[in-house]
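First the structure, in the form of structure tokens, and then the observations on it.
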Amino acid sequence: MVATTRLTIEALETLPLEGRWELIDGELVKRSPAADESASIGATIIYLLAAFVRPRGLGRLYNAEGGFVLFPDRPTVRVPDIAFVLAERAPQGKARKSFPRLAPDLVVEVLSPSDRTSDVVAKLEMYQEAGVRLIWLVDPDAMTVTVIAAGQTTRVLHAGDTLDGGDVLPGFSVAVAEIFA
């Protein structure tokens with residue numbers, strides 16, 4: 001039998017790890033870096049969001065380096081490709097020196113060839129359980145964006161559709177085709 005050491009959030013915050021890691025119920029899990037296409041699409045989305053969010057002072061954007069403690073009672077830190085937290089909920093002061101102890105308002109996940117379907121589904125379910133209000137799952141191969149919004153029917157948008165910020169980012173919109181251009 002192999003013994004597994006469970007890690008705490010506080011321990012993870014002090015470890016000098018290289019690469020992309022997540023903590024899932026105390027287990028440290030290494031994540032592969034994104035492929036060229038996925039990383040580039042992610043950069044486009046964060047650029048589009050920043051152009052809307054920053055001038056309006058709506059909140060804080062996070063790239064794929066930012067971890068979030070999704071639950072107060074579980075040693076779990078997830079790292080979305082992109083996250084957004086409304087200004088009134090964003091950590092302030094000393095709290096900025098650690099992982100935010102909250103579920104983002106918006107999470108964007110861009111599929112990459114290294115992603116396993118079961119892992120993606122589990123991550124999306126965890127975001128929903130944690131209370132993420134809006135999730136965009138971006139599929140470069142199908143050129144679609146799946147929109148999962150709390151209390152609403154899941155929608156799949158294609159190149160001819162428009163993606164909007166729902167009640168998290170009212171007024172934000174972008175042609176889905178622009179994300180994949």
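When restricted to residues that are surrounded by 13 or more Cβ atoms within 10 Å (Cβ to Cβ), of a type outside the set (A, V, I, L, M, F, W, C), assigned to a helix (DSSP H, G or I) and modelled with pLDDT of 95 or more, region 104-151 contains 3. Residues in region 147-169 that are farther than 19 Å from Ala103 by Cα and of a type outside the set (A, V, I, L, M, F, W, C): Thr153, Thr154, Arg155, His158, Gly160, Asp161, Thr162, Asp164. When Arg60, Arg54 are screened for being crowded, with 17+ Cβ neighbours inside 10 Å and under 24 Å from Val168 (Cα atoms), only Arg60 passes.
Given Arg6, Arg101, which one is surrounded by fewer than 16 Cβ atoms within 10 Å (Cβ to Cβ), assigned to a loop (DSSP other than H, G, I, E, B), in contact with a strand residue (DSSP E or B) (Cβ under 9 Å, 6 or more places away or on another chain) and touching a residue at least 40 places away in the same chain (Cβ under 8 Å)? On inspection, the qualifying residue turns out to be Arg6. Is it fair to say Leu163 is hydrophobic (A, V, I, L, M, F, W, C), buried (at least 17 other Cβ atoms within 10 Å of the Cβ) and over 17 Å from the mean Cα position of the chain (by Cα)? When the stated conditions are applied, Leu163 does not pass them.
The values are calculated or read from the model by the stated rules, or taken from the named source; none is laboratory data. All values reported here derive from a predicted model rather than from experimental measurement. Positions of Cβ are backbone-derived with ideal geometry, glycine not excepted, and every protein chain shown enters the neighbour counts.
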